[in-house]
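Down below is the structure, laid out as structure tokens.
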2 protein chains.
Amino acid sequence: MTSPILDIVKSPARQDSDQSVELDDALGRQASLSTALVSVFRGNFCDFILPNRKTTAFKKHSVIYDVGDRERTLFFLRSGFAKVGTIAVDGREVIYDVRKSGDVVGELCATEKARSDRAVALEPTDAVCVPFEEVMQSLLQQPALATVLVDVFCRALKEAYAQVNSMALDDTVHRLIKVLSGLATKIGQRSGPLVQIPVYLTQEEIAQMAGARRERISTALNSLRRRGIVQYSARGHMVLDIDALEPYLP
Amino acid sequence: MTSPILDIVKSPARQDSDQSVELDDALGRQASLSTALVSVFRGNFCDFILPNRKTTAFKKHSVIYDVGDRERTLFFLRSGFAKVGTIAVDGREVIYDVRKSGDVVGELCATEKARSDRAVALEPTDAVCVPFEEVMQSLLQQPALATVLVDVFCRALKEAYAQVNSMALDDTVHRLIKVLSGLATKIGQRSGPLVQIPVYLTQEEIAQMAGARRERISTALNSLRRRGIVQYSARGHMVLDIDALEPYLP
DNA sequence: TCGCGGGTGTTACTTTTGTAACACCCGCGT
DNA sequence: ACGCGGGTGTTACAAAAGTAACACCCGCGA
């Protein structure tokens with residue numbers, strides 16, 4: 001993954017004063033505003049399910065599980081990031097969500113024999129892999145954990161519905177804005193009015209999240225940059241100005 | 001709700017031989033091919049949660065719960081049909097799903113303080129209303145029920161993702177086809193190669209399920225009728241020829 | 001019985017989106 | 001050092017979807 005920032009920053013589309021801002025990992029690592037998936041490591045989930053299990057390391061871009069897989073296991077992310085989505089028969093890709101350490105991935109196998117979705121590591125990622133059967137068994141011994149599991153599903157469901165809304169009602173630009181602000185609240189690292197997205201996502205991937213063509217996203221992104229809503233940090237990571245973003249939101 | 005069948009059947013768009021077929025309630029009521037939401041009445045859910053509770057009757061078109069509601073209760077449908085969806089600030093509506101007796105409705109309140117969705121009875125509908133708290137409590141006493149609840153959420157999530165796929169990848173006609181075949185498998189009543197949809201849905205509602213304008217749905221529906229995929233029964237209920245439908249599906 | 005309201009069918013027009021094609025820039029490996 | 005490949009920016013053009021407007025048909029209630 002190269003980081004063609006200079007290209008972007010100097011591109012003909014640039015007309016204003018957004019210097020590539022200096023944020024990278026400088027202010028990062030502080031409280032992210034994640035509200036997406038409950039951290040399954042609180043609520044004793046870790047105490048019950050995770051101890052004495054080895055974590056598996058996934059390399060960047062490696063497939064954690066894929067469409068058609070028949071193994072039924074949940075992945076508890078301990079570090080890194082993963083995109084979850086699917087690939088249609090014709091090869092076109094859709095991304096439902098990006099998840100980070102503390103989130104679960106692979107929940108859908110609860111009702112499936114063969115997976116209909118897939119997850120791919122966006123960065124080097126460590127995960128604890130637990131067979132679905134064993135998750136359900138620890139639920140029998142520790143019923144309070146059910147709350148956590150229900151919460152995981154419920155949040156995912158709510159977000160999926162939000163995505164349906166956006167696709168049904170919004171145009172490309174507003175879908176993009178929702179994708180970006182979703183990323184900001186889920187995995188963003190805040191510093192003042194700016195939020196940095198700590199993973200590198202290609203325009204193609206953003207397009208797959210927004211349900212639009214990459215070319216449109218490219219144009220929309222530049223229009224947002226001219227309005228000061230989007231910038232790029234030194235490492236090519238996106239930085240959002242949430243104050244500037246908010247007025248466009250609902 | 002009027003049933004303008006004659007209008008439809010005799011409309012200028014008609015060019016072939018689809019007589020309004022005689023099926024209504026004649027062959028109905030037999031095993032529907034529902035696979036959508038697990039019947040929560042199996043698996044002892046009813047034994048534990050539902051006995052000694054009164055069922056509430058909802059009139060056709062009455063709102064079971066609405067966007068913004070702060071009460072947290074699940075509704076276990078015992079008869080009838082309900083659409084679940086939402087209304088945007090500008091009034092535009094989106095429908096996520098149609099559910100029938102045996103299904104739950106209102107699950108989303110598990111993580112919300114204020115509901116972001118709404119459910120409306122499509123027919124006179126009876127439901128057992130159970131506060132979410134009590135559901136979780138019976139889970140503590142009867143941990144095996146967790147399987148059922150997880151299943152409910154997981155199926156809803158899987159279907160929501162399918163909807164996202166369709167909106168991202170399909171054009172209007174294919175989205176319509178998926179909506180129809182989804183209705184067929186969820187609430188359809190089968191008789192031979194034909195499946196009847198036992199609720200009356202306006203084109204507007206179908207459009208809200210497909211994420212498209214009513215006008216397009218009207219046209220697409222007529223094109224499907226000319227191809228023999230869709231017919232109307234005597235009471236204005238849709239009837240699908242699943243054999244004719246299948247080739248268009250994936 | 002007359003008119004109204006709701007649902008449907010259809011069309012001309014506008015807007016949005018997708019498609020195709022290409023140029024550019026960069027970093028990397030040969 | 002050079003070229004290649006991947007990611008980005010941009011445009012002209014074609015296709016799809018939304019908009020607006022209207023006609024029709026029906027059932028129902030005044």
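A few points about this structure:
- Scanning region B:177-215 for residues being within 10 Å of DNA strand D (Cβ to nearest atom) and either within 12 Å of chain A (Cβ to nearest Cβ) or under 23 Å from A:Ala210 (Cα atoms) (or both) gives a total of 5.
- Criterion violated by A:Ala144 - all others in (1) open to solvent by 10 Å² or more (accessible area, probe 1.4 Å); (2) within 15 Å of the chain's Cα centre (by Cα) satisfied: (2)
Yes/no matrix, rows are residues, columns are (1) open to solvent by 20 Å² or more (accessible area, probe 1.4 Å); (2) within 11 Å of chain B (Cβ to nearest Cβ):
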| position | (1), (2) |
| --- | --- |
| A:Thr111 | yes, yes |
| A:Arg115 | no, yes |
| A:Pro124 | yes, no |
| A:Ala162 | yes, yes |
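- Residues of region B:177-205 satisfying the condition of being out of contact with any strand residue (DSSP E or B) (no Cβ under 6 Å at 6 or more places or on another chain) and under 15 Å from B:Arg235 (Cβ atoms): B:Ser191, B:Tyr200, B:Leu201, B:Thr202
- Meets criteria (crowded, with 19+ Cβ neighbours inside 10 Å and within 11 Å of chain A (Cβ to nearest Cβ)) for B:Leu139: yes
- Count - residues of region B:196-225 that are of a type in the set (S, T, N, Q) and more than 9 Å from DNA strand C (Cβ to nearest atom): 2
- Any pair with Cβ under 8 angstrom, 6 or more apart, that starts in region A:210-224 at a residue that is outside the structural domain of A:Lys83 (by TED's automatic domain parsing) and basic (Lys, Arg) and ends at one that is near DNA strand C (Cβ under 9 Å from one of its atoms) and open to solvent by 20 Å² or more (accessible area, probe 1.4 Å): A:Arg216/A:Thr172
- Selection within region B:117-131 - assigned to a loop (DSSP other than H, G, I, E, B) and more than 14 Å from B:Lys100 (Cβ to Cβ): B:Asp117
- The set of residues in region B:155-176 that are among the hydrophobic types (A, V, I, L, M, F, W, C) and more than 16 Å from DNA strand C (Cβ to nearest atom) comprises B:Ala156, B:Leu157, B:Ala160, B:Ala162.
- Residues in region A:206-223 that are open to solvent by 50 Å² or more (accessible area, probe 1.4 Å) and touching a strand residue (DSSP E or B) at 6+ places or on another chain (Cβ under 7 Å): 0 in all.
- Of all residues in region B:89-109 being within 8 Å of another protein chain (Cβ to nearest Cβ) and under 21 Å from the mean Cα position of the chain (by Cα), the one that is most open to solvent (accessible area, probe 1.4 Å): B:Arg92
- Flag for B:Glu134 being more than 23 Å from the chain's Cα centre (by Cα) and more than 8 Å from chain A (Cβ to nearest Cβ): yes
- The one condition in (1) assigned to a helix (DSSP H, G or I); (2) touching a Ser or Thr at 6+ places or on another chain (Cβ under 6 Å) that B:Glu134 fails to fulfil: (2)
- Search result, residues across region B:176-201 that are open to solvent by 30 Å² or more (accessible area, probe 1.4 Å) and without any contact (Cβ under 8 Å) to a residue 40 or more places away in the chain: B:Gly192
- Residue check for A:Val173: more than 26 Å from A:Glu123 (Cβ to Cβ) and more than 18 Å from the chain's Cα centre (by Cα): yes
- The single residue among A:Leu157, A:Leu122 that is at pLDDT 95 or above and within 16 Å of DNA strand D (Cβ to nearest atom) turns out to be A:Leu122.
The values are calculated or read from the model by the stated rules, or taken from the named source; none is laboratory data. All figures in this text were calculated on a predicted structure; none of them were measured in a lab. Counting neighbours? That spans all protein chains shown, and the Cβs are built from the backbone with ideal geometry, glycine included. Accessible surface areas use protein heavy atoms only, side chains included; no ligands, DNA or RNA. Shrake-Rupley method; radii C 1.70, N 1.55, O 1.52, S 1.80 Å.
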